1. Shape verdict for region 323-368, please, from the Cα gyration tensor: rounded (a/c under 1.5), prolate (a/b greater than b/c) or oblate.
2. Restricting to Cα pairs below 8 Å that are 6+ residues apart, what does the relative contact order work out to for the chain? Please round to a whole percent.
3. Would you please name the chymotrypsin sites (Phe, Trp or Tyr not before Pro) within region 283-373 that are DSSP coil residues with at most 16 other C-beta atoms within 10 Å of their C-beta?
4. Send over the per residue convex hull volume for region 71-150, Cα only, as a whole number of Å³.
5. Rounded, prolate or oblate, given the Cα gyration tensor of region 222-304, with a/c below 1.5 counting as rounded?
6. Take the residue pairs K120/K164; K238/K367; K80/K169; K164/K293 and return only those whose Cα atoms are more than 30 Å apart.
7. Going through region 138-231, which trypsin sites (Lys or Arg not before Pro) have at most 14 other Cβ atoms within 10 Å and a DSSP loop state?
8. With the contact rule set at Cα under 8 Å and sequence spacing of 6 or more, what percent relative contact order holds for region 100-223?
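The values are calculated or read from the model by the stated rules, or taken from the named source; none is laboratory data. Please read all numbers here as calculations on a predicted model, not as lab measurements. Using ideal geometry, Cβ is built from the backbone for each residue, glycine included, and neighbour counts are taken over all protein chains shown. When the accessible area is computed, the model is the full protein with side chains, heavy atoms only, and any ligands, DNA or RNA have been set aside. Shrake-Rupley method; radii C 1.70, N 1.55, O 1.52, S 1.80 Å.
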Amino acid sequence: MIGIPRSRQRIFGLDLLRVLSIALVLCSHTSWIYPPSSSLFSKMVDMCGFFGVELFFVMSGFLIGGIIFRQFIRDDYSFKTTLVFVYRRLMRILPNYYLIILVNMGIWVWLGYSVADSWKYFFFFQNFASPLLPFFPESWSLPIKEYGYVIAVLLLYAASVVFKKASHKMIFLSVILGMMVFFFCTKLYYNFYTANTTMLQWDVSLRSVVIYRIDTVLLGVLAGYVATEYPEFWKRQKFVFAAVGLMILGLLLFCLGYLRLKIADFPLFWNVLCLPMNALGLVCLLPLFSDWKSAPAKVTKSIETISELSYCVYLLHYSVVLFLMKHFIDSSGLSTPQLHLYTLAYLTITFGLSYLMYNYFEKPMMKLREIKA
């Protein structure tokens with residue numbers, strides 16, 4: 001192997017966060033099954049998806065950030081190392097992703113919809129600087145993460161060439177912080193030059209667009225750096241970090257739920273502050289969960305299994321499973337018990353297909369990641 005760390009030993013707390021993330025996303029999309037409602041419970045269900053995806057961002061950034069940092073400070077670091085990282089990262093994401101793009105294209109053609117712009121999805125262009133297309137809508141989070149990592153490792157290599165005598169630790173910190181500032185400023189630009197007055201517009205033109213969101217992933221990368229470079233501090237202060245994180249998230253919920261800050265009246269809060277506040281609160285929970293090494297065997301096995309299936313579940317659950325179920329079995333006329341059975345069927349089919357996809361496609365494709373010297 002050429003300078004690439006072997007897969008990490010599984011950590012129960014991080015697997016638990018991954019399971020929580022996918023559970024929140026699934027919960028939010030069940031709102032398509034049940035009748036529209038303005039109740040507090042319904043609003044909480046809708047918010048689940050928001051927190052689920054944002055948790056994915058910071059946790060992925062944390063794990064990948066640690067890998068990038070450890071590679072970057074190695075004595076044998078080179079451009080080849082960077083290329084191998086990009087190859088392995090893309091081979092982790094693209095096979096499943098491309099398969100589901102093709103499946104979605106087949107479904108759309110079968111049902112008579114146009115797939116004229118679907119080529120953009122193969123290059124992660126679907127939401128790079130403009131609102132996401134209606135095709136395969138849940139894919140919006142993947143370009144944000146992958147562009148963040150690829151841009152970071154390329155800039156790190158360029159900086160290491162330009163500043164040959166500088167400490168790689170200092171270069172890493174400078175590049176990641178510089179990128180965070182730059183992408184945070186894109187939200188400022190958006191705020192000053194976009195008349196954003198509705199939550200729908202905010203969701204599709206800011207929250208789901210790559211150039212406005214990479215700083216969220218990079219905050220997780222920065223956490224990965226801190227955990228790797230200062231492990232004792234990271235572990236020793238885990239409860240302090242968790243308390244601060246809960247306070248930040250509580251403040252955010254207070255602003256959203258009690259103060260009811262509307263985007264038309266407080267655009268700066270929504271466009272610039274809301275997403276970074278949420279990301280910071282979630283990142284502060286990582287020390288506690290990353291130090292949660294184990295649990296009872298039965299619990300660990302269940303959480304680990306769902307965690308392994310989570311990527312397949314994310315790709316399959318909405319545009320494939322729920323879309324086809326809604327097309328063939330409209331839930332709008334069903335009674336409440338029938339809706340519950342419908343939801344159970346939706347979850348069962350999703351996890352069943354995800355199990356098959358993971359074992360018979362994802363795992364074989366993952367073997368192609370291994371590069372021999």
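1. On the way: a/c = 6.49, a/b = 2.99, b/c = 2.17.
Prolate, since a/c reaches 1.5 and a/b exceeds b/c.
2. Values: 424 pairs, mean separation 110.9, N = 373.
Answer for the chain is 30 percent.
3. Numbers: sites: F289, W292, Y311, Y314, Y318, F323, F328, Y342, Y346, F351, Y355, Y358, Y360, F361; in loops: W292.
Sites meeting the loop and neighbour criteria: W292.
4. Working: hull volume 7.4 nm³, N = 80.
Residue-normalised Cα hull volume stands at 92 Å³.
5. Since a/c reaches 1.5 and a/b is larger than b/c, the shape of region 222-304 is classed as prolate.
6. Values: K120/K164 37 Å; K238/K367 35 Å; K80/K169 19 Å; K164/K293 38 Å.
Too far apart for the 30 Å limit: K120/K164; K238/K367; K164/K293.
7. On the way: sites: K145, K164, K165, K169, K187, R207, R213; in loops: K164, K165, R213.
Sparse-neighbourhood loop trypsin sites (Lys or Arg not before Pro): K164, K165.
8. On the way: 103 pairs, mean separation 40.3, N = 124.
Relative contact order comes out at 33 percent.
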